[in-house]
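Everything below concerns the one structure shown next.
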Amino acid sequence: MTDIVTVTLNPAVDVATSVERVLDTRKLRCSAARRDPGGGGVNVARVVQRLGGDCVAVYLAGGPLGHTLRQLLEAEFVASACIEIAEETRENFSVRETSTGREFRFVLPGPTVTQPEWQSCIDHLDALHAPPRYLVMSGSLPPGVAIDVYAQLTRSAQLHGTRVVLDTAGPALAAALDAGVYLVKPSLNELPGLSGRALVSEDEWHDAAQGLVQHPVNRLNK
C-alpha cells in the first residue's frame, strides 16, 4: 500500500528569474531562468520524496510542456502517473526584483480539459490495486473540469478507507467539504467565505475553524 497519492489537475512548469528592477515599457534583461515542476499536489509529492516518504504523484499533462514536466519530475526521482490530455500544460512565471526583494508572480489558467480526460484521472485512482492511506488533492482546477470533481474523488476515496487531505479554493473547496474530508487548509481569505461572515478577532477565526469540524454534514471526517 502506498502511503500517499497526490492529485494535481492543473500542474505547471514553474519558471523563475530575477531582474534588478521591474519597469514598464522597458525591455528587462533577466537572469537565467530556472524551471521546476509545479502545482499543489506535485509540490507535495516532491517534498515527501525528499523526506524519504512513500508517495506517488498523479497529474494531468499534455504537449511539449507536459513532456518537460514529466522530465523534471523524473530528474527529482518523484514516482508519478501522468494522465495524458490533448492541450498543453501551462507555465507559471515569477520574477524577483533584486533591488527590493519583491516578487511578481504570473499564474496562467491552464489548458481546457475534457470530461473524458479528467474522468480518466478518477478511473485511474479507482483502479489502484492497493488504495493509499492518504489522498492529497491540491491546487486549482483547469478550465473544463467539473467544480465537484474533488467531491467525487473524496467520496470514491472514502469507499476504500482512504483519508482525504484538501488544499484548494472557492466552489471546489466548498463542494469537497460537504463530501467530508479528513484535513483541509483554508487560507485567511477562504475561511470567511466558508463561514459566511466577516472574521476579525482571534476567537472569531477559531470559532469559524471549529465550525468546519462540527458542521452538521460532518465536513471533516475523523
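The values are calculated or read from the model by the stated rules, or taken from the named source; none is laboratory data. Treat the numbers as computed from the prediction; the structure is a model and nothing was measured. Note that each Cβ is placed from the backbone with ideal geometry, even for glycine, and that neighbours are counted across all protein chains shown.
Scanning the stretch 58-68 for residues that are farther than 17 Å from Cys121 by Cα and either in contact with a strand residue (DSSP E or B) (Cβ under 6 Å, 6 or more places away or on another chain) or not in a helix (DSSP H, G or I) (or both) turns up Leu65, Thr68.
Cβ-Cβ contacts under 7 Å between residues 6 or more apart (or on different chains), taken from a first residue in the stretch 166-191 that is on the phi < 0 side of the Ramachandran plot to a second residue that is polar (S, T, N, Q) and surrounded by fewer than 17 Cβ atoms within 10 Å (Cβ to Cβ), are listed as Val181/Asn221; Tyr182/Asn221. Checking Phe77, Phe104 one by one, the residue that is touching a Lys or Arg at 6+ places or on another chain (Cβ under 9 Å), over 27 Å from Asp148 (Cα atoms), exposed (fewer than 15 other Cβ atoms within 10 Å of the Cβ) and among the aromatic types (Phe, Trp, Tyr) is Phe104 and no other. Considering only residues in the stretch 172-206 that are at pLDDT 85 or above and loosely packed, with under 14 Cβ neighbours inside 10 Å, the one that is nearest to Gly139 (Cα to Cα) turns out to be Leu183.
Can you name the residue in the stretch 123-135 that is touching a residue at least 40 places away in the same chain (Cβ under 8 Å) and within 17 Å of Gln158 (Cβ to Cβ) and, of all such residues, is surrounded by the most Cβ atoms within 10 Å (Cβ to Cβ)? Working first, answer last.
Filtering the stretch 123-135 for residues touching a residue at least 40 places away in the same chain (Cβ under 8 Å) gives 124-125, 128, 130-135.
From what's left, within 17 Å of Gln158 (Cβ to Cβ): 125, 128, 130-135.
Working: Leu125: 21, Leu128: 17, Ala130: 8, Pro131: 17, Pro132: 22, Arg133: 14, Tyr134: 19, Leu135: 28.
Among those residues, the one meeting the criterion is Leu135.
Yes/no matrix, rows are residues, columns are (1) under 16 Å from Val13 (Cα atoms); (2) outside any helix (DSSP H, G or I); (3) modelled with pLDDT of 95 or more:
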position: Leu73; (1), (2), (3): yes, no, yes
position: Phe77; (1), (2), (3): no, yes, yes
position: Glu88; (1), (2), (3): yes, yes, yes
position: Val95; (1), (2), (3): yes, yes, yes
position: Ser99; (1), (2), (3): no, yes, yes
position: Gly110; (1), (2), (3): yes, yes, yes
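So that you can scan it fast, the table gives a plain yes or no per residue for (1) surrounded by 19 or more Cβ atoms within 10 Å (Cβ to Cβ); (2) free of Cβ contacts under 8 Å to residues at least 24 places away in the same chain:
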site: Ala33; (1), (2): no, yes
site: Gly38; (1), (2): yes, no
site: Ala45; (1), (2): yes, no
site: Val48; (1), (2): yes, no
site: Ala61; (1), (2): yes, no
site: Pro64; (1), (2): no, no
site: Arg70; (1), (2): no, yes
site: Leu73; (1), (2): yes, no
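When we screen Val13, Val7, Val22 for residues that are under 26 Å from Gln152 (Cβ atoms) and aliphatic (A, V, I, L, M), the only hit is Val7. Of the residues making up the stretch 110-122, one or more are exposed (fewer than 13 other Cβ atoms within 10 Å of the Cβ) and among the polar types (S, T, N, Q).
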